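Written out below as structure tokens is the structure these notes cover.
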Amino acid sequence: MFGKEVKVFYMFIVISHFKVEPGWRESVAQAFLNRPHLVEKAPGFIRMEVLQQQDDLDQFWLYTTWKDSNSFDSWHKNHPFKDSHVGMPKGLKLVGKFTDIKRFNLVCD
């Protein structure tokens with residue numbers, strides 16, 4: 001067992017992080033609460049969690065869990081992805097250095 005590389009991935013997770021300019025956090029949080037839930041219909045989608053950073057409420061973290069990376073990529077490239085963001089406030093301003101997307105393989109939970 002030791003010395004062997006084992007490639008068994010249980011799930012695929014995407015973590016999106018962004019910070020909104022001051023004055024936008026309430027409307028962004030409300031937009032997530034009222035979202036159209038289109039991602040739930042995507043093949044391979046498992047769950048989504050939206051978090052607001054406790055020590056800086058202008059920062060949001062989105063955790064989406066997928067069966068595999070192909071499921072996420074397929075959804076991300078299609079109209080449902082774009083349509084799922086129509087409820088975001090018009091004119092929303094993000095703080096660029098806090099905008100990031102990371103991709104992970106879940107090894108165990």
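Here, each number is a calculation from the coordinates, and none is a lab measurement. Model, not experiment: these values are computed from the prediction. Methodologically, a virtual Cβ is constructed for each residue, glycine included, from the backbone with ideal geometry; neighbour enumeration extends over all protein chains shown.
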- Note on the structure: Most exposed to least, judged by fewest other Cβ atoms within 10 Å, Thr64, Thr99 sort to Thr99, Thr64
- Cβ-based exposure ranking for Trp61, Trp75, Trp66, in which fewest neighbours within 10 Å come first: Trp61, Trp75, Trp66
- Note on the structure: In nm, the gap between the two label points placed 7 Å beyond Cα toward Cβ at Ile15 and Asp56 is 1.5 nm
- Compute the distance in nm between two label points, each set 7 Å from the Cα along the Cα-to-Cβ direction, one at Asn78 and one at Gln30. 3.1 nm
